[in-house]
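Only one structure is covered here, and it is reproduced in the block below.
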Amino acid sequence: MRRGSARSGHKALYAPNVTSPADEVSRRARFAKQLGAGALLVCPGLTGFDAMRTLADDDTLQLPILAHPALLGSFVTSPDNGISHHALFGQIMRIAGADAVIFPHAGGRFGFSPEECREVADGTQAPLGGLRSIFPAPGGGMSLQRIPELLEFYGNEVIFLVGGDLLRDRAEIEKNCELYRKMVAKP
């Protein structure tokens with residue numbers, strides 16, 4: 001990542017997945033930082049919300065945490081029971097120390113509705129005691145062609161996950177990354 005950033009003149013962060021049993025997650029996070037990780041990916045539905053909070057509270061790490069929704073979807077499948085999208089992805093993730101929350105945007109592979117996506121985004125920004133807001137990070141089959149639509153929907157305070165689309169033509173990955181960078185650059 002450092003070599004690529006130096007060559008392109010644009011900073012990129014690598015966020016390795018450190019999800020593991022709770023007693024192992026801190027060791028993996030420290031190892032990732034030692035190797036130069038610029039952020040961490042954690043699946044609190046697998047490792048536990050408190051394991052993610054432990055990483056966020058560790059002053060020796062000081063890396064942004066991206067919370068992945070793996071194994072949490074069943075909590076939001078029904079409007080009659082479970083947890084609201086707003087609360088689970090927008091607020092509980094904040095309480096547990098995430099800096100960004102990944103979730104499937106409408107029209108992708110997994111299909112939250114536009115209203116549910118708005119709930120998540122609103123939850124990341126809504127007042128919550130003294131907690132700061134976090135970034136919504138929609139993904140789940142997003143394409144570069146959808147970036148203008150997504151920017152209109154979420155605004156500029158967002159992280160987009162379009163990894164699969166960047167890699168669809170491996171011979172064009174540098175060109176695709178540059179196109180992506182230009183599409184999200186502030187005017």
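The values are calculated or read from the model by the stated rules, or taken from the named source; none is laboratory data. All figures in this text were calculated on a predicted structure; none of them were measured in a lab. We place every Cβ from the backbone using ideal geometry, glycine too, and count neighbours over all the protein chains shown.
The requirement of being under 18 Å from residue 133 (Cα atoms), touching a residue at least 40 places away in the same chain (Cβ under 8 Å) and loosely packed, with under 15 Cβ neighbours inside 10 Å is fulfilled nowhere in segment 68-84; no residue meets it. The set of residues in segment 1-36 being at pLDDT 90 or above, among the hydrophobic types (A, V, I, L, M, F, W, C) and under 20 Å from residue 100 (Cβ atoms) consists of 15, 18, 25, 29, 32.
Scan segment 11-22 for residues that are closer than 14 Å to residue 38 by Cα, part of a loop (DSSP other than H, G, I, E, B) and touching a residue at least 40 places away in the same chain (Cβ under 8 Å) and report the count. Residues meeting the conditions: 2. Is it the case that residue 118 is in a helix (DSSP H, G or I), of a type in the set (Lys, Arg), over 21 Å from residue 13 (Cα atoms) and out of contact with any Leu (no Cβ under 9 Å at 6 or more places or on another chain)? It is true that residue 118 is in a helix (DSSP H, G or I), of a type in the set (Lys, Arg), over 21 Å from residue 13 (Cα atoms) and out of contact with any Leu (no Cβ under 9 Å at 6 or more places or on another chain). Every listed requirement among (1) in a loop (DSSP other than H, G, I, E, B); (2) closer than 19 Å to residue 135 by Cα is met by residue 56 save one, (1).
The residue that is surrounded by the most Cβ atoms within 10 Å (Cβ to Cβ), among those in segment 4-52 that are in contact with a Lys or Arg (Cβ under 8 Å, 6 or more places away or on another chain) and farther than 30 Å from residue 75 by Cβ, is 5.
Within segment 90-103, residues that are under 18 Å from residue 76 (Cα atoms) reach partners that are polar (S, T, N, Q) with beta carbons closer than 6 Å, at six or more positions or on different chains, in the pairs 90/124. Assessment of segment 133-150 against the conditions (modelled with pLDDT of 95 or more and over 27 Å from residue 8 (Cα atoms)) yields at least one matching residue. Residue 130 versus (1) under 29 Å from residue 54 (Cα atoms); (2) under 16 Å from the mean Cα position of the chain (by Cα); (3) without any contact (Cβ under 8 Å) to a residue 24 or more places away in the chain: which is the lone unmet condition? Going through the list (1) under 29 Å from residue 54 (Cα atoms); (2) under 16 Å from the mean Cα position of the chain (by Cα); (3) without any contact (Cβ under 8 Å) to a residue 24 or more places away in the chain, residue 130 breaks only (2).
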